[in-house]
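Beneath this line is the structure, given in structure tokens, with notes to follow.
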Amino acid sequence: MVLDPLSALGLCGNIVQFIDFGAKLISKSTELYKSASGASAENLDLALIADDLRALSESLADPASAISASGRAMNIPPTNNELRIQVLAQKCRELAEQLLDVIESLQVRGPHRRWASFRQALNSVLKKGKLKELDERLQQYRNELSARLIMALQDQNSMILRNLYELIRTSNRFDLRQREALAQLKTDILQTAKQWRSTPPIDHENVLVPKLEKMAAEGSTVAKIQTILDGLGFQSMRVRHGKIPDAFATTFQWAFAERLPESNAQNRLHEWLMSESGIFWISGKPGSGKSTLMKYLSDHPKTAKALHSWAGEKQLVIGAYYFWSAGTELQKTEEGLLRSLLFDIARSTPELIPKAFPNHWNEQGGISLSRQNLHWTNSELSYAMQSFTEEGSGSPKLCLFIDGLDEYDGDPDATISLLKSLSGRPNIKLCISSRPWNQFEEAFGQELGRKLYVHDLTRGDIQIYVHRNLHRNARFAKMCGDAPQYKELEREIVEKAKGVFLWVFLVVRSLLQGLTNADTFRDLERRVERFPGELEPFFKQMLDSVEDVYQEEAASFFLLAWHAVEPLSVFTYSYLGEKDPDFAISMDIAPMDEKDLPDFYDQMRKRLNARCKGLLEFVHEQRSDHICYYKVDFLHRTVRDFFRTQDMAKLLHSRVRPEFEPLHFIYKALLCQLKATPQNTHRLRADNHAGHLIKDLILYVKKCETKPRIELEADLDEMERVYSYLRELAQRFSRNTDYSADSDRIFAYDFLTLAVKSDLVLYVSHKLSLEPHRVKQKLRGRPLLHYALQPSPRPKVVEILLKHGADPNQTWNPRPSSSVDDELMLDEDDIHQSWTTWGLYLHWLNNSYATERGTEKTGSAKVRFDVLLEMLAYGADPYWRNDLYASVVAAIEPVFSPADISIVRDIVSKKGSIWVRLSNWLR
């Protein structure tokens, strides 16, 4: 069990308690000696005092663990002050032993009169000066602790202070209420520590200790909350929201009006927001502005005002999720939907987190910040959602906006079933949007008062958009004046749009380009007349207008954007002019100069516009963790859908060289970018430029591995060389600065171990066939097979390792040597034991999946079971057991179905007889 990041403060509280207890004890002893009657001594229970003292002494045990645990949370080495606090705790423990010796000498035994005997024993102790010496040492320790604690809370390099600031910073990021309490506690402790040093300790025992304990406890709670929020969140969670354009000024205001435009019908959307539950469905044609409307609604303060009327006295929580078929897996799956919504709910109601996530909350007495690799099962996420939406006195009212159901990567019926299940609870309602597919029409379109079609309601909005954008052009404003023909031109655009905002955007852009070219009014009319009424013919028209000299490169641009898992950096496209097919290997490792980026962006923007005619565009992402602020993406989902049709795919491939493989090119371009990474502590972090590139490289290697025609061996050898060079550089920084390479999961591993963890099947097989002895290597005392099994098994890599001689029964000590190894789920007692790789896999199964027994076996559950069988086939000990598990079957019985357990029993039984014969033969 990893201690919480403020455990050092808890240790300080224990020291304060001990010092004050000792001072009280000595003061009371002196008072008793001066007493004539000894009445107080009759009530003196020395045995009870000894027990209390022993308990305090135990609380000071292993102070190094508390200090190092706080440091491990952020990979911060303890300062001299904090090391001295650690030493002080040990000194206090030694002093506690001496006080216990004194108490032992005062115990009255035999028939002597109690008071006389006690006074006589106390007199003997006082004559030796023992109590005076102990009292002086306590006073010395009090002064030192106070000084050290004050300095630690004022030293910007202190791990206590930096952990505290990290808690406050992350609380601000998550907008948690606890941030003010933590800041106030820090101020209070500083003031109280100064007072505690300057006045008698008895007056402050009940002031400083509770505050230290409160800060440690509050810090631990906040760390848990933050860790669960970190585990729910994912990097791309807000990306789609940021890419959706904001509503044009004064458009969509009808959403909050009493009457709808065009029909003048009652606005049931606003009425639903204010008072109704269930589902409201927003639909419309492709490009009609559904996502923009959903973003407008979820972000607008009038929405919150209307929903407060519905929530009444209960707390209101608004959550939003935007499916995106062009994004990462979590942006288009049910897991991503649930994690994103649960993040919004949990952030707003952190007090409900322990109930919603009992397993993750209760298993961890404390957690290192943002390092816990939380694993979520579908049952856990569903349980949490059910827990948050249960009706009760403390439960909130939830309104969830879910956009783009048609972009869900899966069976639409599964999404429909999930949403209907959620909407059936009294405390929750859903505003959803999608294209008007038959499944969604059938499920959500049957109630007239619970749906709207955006393209039927935006005529006025389109009119505003066309008029304002054209009249902002000085030449157009000067040409038209009050001439009726220009108003007729605007009216024609609105009519032809048929409610499709994207079509209007493209037409207005074309007109503005014409005005730049000094078009006459008749030229503008011809542009509108010739503009196709549907989007697809226009896209084809734009593609055909690309100059012949750019045709091949334009096709390459579109193919790269089409195959990209998510929008690629503009750097990726800059390598399209390379003639050498091995350009990624021949390029030197040479860091770029970030000062040259503005000119580079300007050149690439011009190249993109000339070749793609606005169908691909620059997307600006001002992020400190990337060198490149620009990515390239399709203008709209309809453009991407157009290029992904069979006819367009055939056309694009016909315009590029036969050997051009988009996925392989993306990998090579990313490797070039890694070689050009600035070599400084900021850019070499896992959460920065180098880390993102390595993760992307691994992603595209895995995709390339599925393409038989792509040969990767030379490319991967080069990636290993570059990675190893940067890793050594990062480790050099960690020795000379406060940068910690170990804090970055990427550079914490050698490349082979990283490949094993990343499931790079072909590379691991290639490397072990050349260097078979490396199957025995360890990193931080842990074998490669362990890294192939944690935090979830990679079956093909496991099989390769076992075939090359990896031993599942290899014994090793799992005690973590750094914060990157936090997936073991062992508590403090168990982590000190020796485990086998096989035993830890069984323990992981038991801890992670015991709640899923009896549910339908998913693909991942089958993988876990197949890996278990594979390990048994390669000699995993069928008789394995330890203090936690009586047998292999006992470990996995809560995890798998009775049929699976029966299979394992048969295997263990057959293998058992072989083991018995073998052991008899060995004897």
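Taking a Cβ cut-off of under 12 Å around L635, the surrounding Lys, Arg, Asp and Glu residues balance to a net charge of +2, with basic ones at +1 and acidic ones at -1. Rolling a 1.4 Å probe over the protein chains gives K796 an accessible area of about 130 Å². Sorting S860, S236 by accessible area puts them as S860, S236; the probe is 1.4 Å, largest comes first, and only protein heavy atoms count. The residues of segment 255-307 have, on average, 40 Å² of accessible surface per residue, using a 1.4 Å probe with all protein chains present. Residues whose amide H falls under 5 Å from that of Y321, counting only those 5 or more places apart or on a different chain, are F401, I402, D403, with hydrogens built in the peptide plane. How many angstrom separate the Cα center of segment 513-569 from the Cα center of segment 647-679? If we compute the Cα centre of each part, the gap is 22 Å. Accessible surface of T516, taken over heavy atoms with a 1.4 Å probe and every protein chain present, rounds to 110 Å². Heavy-atom accessible area with a 1.4 Å probe sorts R530, R732, R509, largest first, into R530, R732, R509. Of the solvent-accessible surface of segment 253-296, computed with a 1.4 Å probe and all protein chains present, 47% belongs to carbon and sulfur. Take 581-591, 270-280 and order them by the average number of nearby Cβ atoms within 10 Å per residue, most first; the result is 270-280, 581-591.
Could you give the distance between the Cα centres of segment 397-421 and segment 300-363, to the whole Å? If you average the Cα positions of each part, the centres end up 14 Å apart. Rounded to 0.05, the FRET efficiency of the R472 and R238 pair, given R0 = 30 Å and the Cβ-Cβ distance, is 0.50. Dividing the mean sequence gap of close Cα pairs (under 8 Å, 6+ apart) by how many residues segment 385-456 holds gives a relative contact order of 33 percent.
Taken along the Cα-to-beta-carbon direction at a fixed 7 Å, the label points for A181 and W437 span 4.4 nm. As a fraction of the 1.4 Å probe accessible area of segment 413-463, surface on carbon and sulfur atoms comes out at 45 percent. Can you tell me the relative contact order of segment 435-524? Whole percent, Cα pairs under 8 Å, sequence separation 6 or more. Here the relative contact order equals 30 percent. Charged neighbours of L770, selected by a Cβ distance under 11 Å, balance to -1 (K, R count +1; D, E count -1).
Of the peptides 798-804, 700-706, 546-552, the order by per-residue mean of other Cβ atoms within 10 Å, starting with the highest, comes out as 798-804, 700-706, 546-552. Using the Cβ of S724 as centre and a radius below 12 Å, the other residues enclosed give a net charge of -3, where K and R count +1 and D and E count -1. Only protein heavy atoms count here; under a 1.4 Å probe, E133 has an accessible surface of about 80 Å². Distance from a point 7 Å along Cα→Cβ of Q253 to each backbone N in segment 464-491: keep the residues under 19 Å and list them by number. It comes to 464-472, nothing else. With a Förster radius of 22 Å applied to the C-beta separation of L651 and K707, the computed FRET efficiency comes to 0.55.
The values are calculated or read from the model by the stated rules, or taken from the named source; none is laboratory data. Quantities reported herein were computed from a predicted structural model and do not represent experimental measurements. Cβ atoms come from the backbone with ideal geometry, glycine included; neighbour counts cover every protein chain shown. For accessibility, only protein heavy atoms count, side chains too; no ligands or nucleic acids. Shrake-Rupley method; radii C 1.70, N 1.55, O 1.52, S 1.80 Å.
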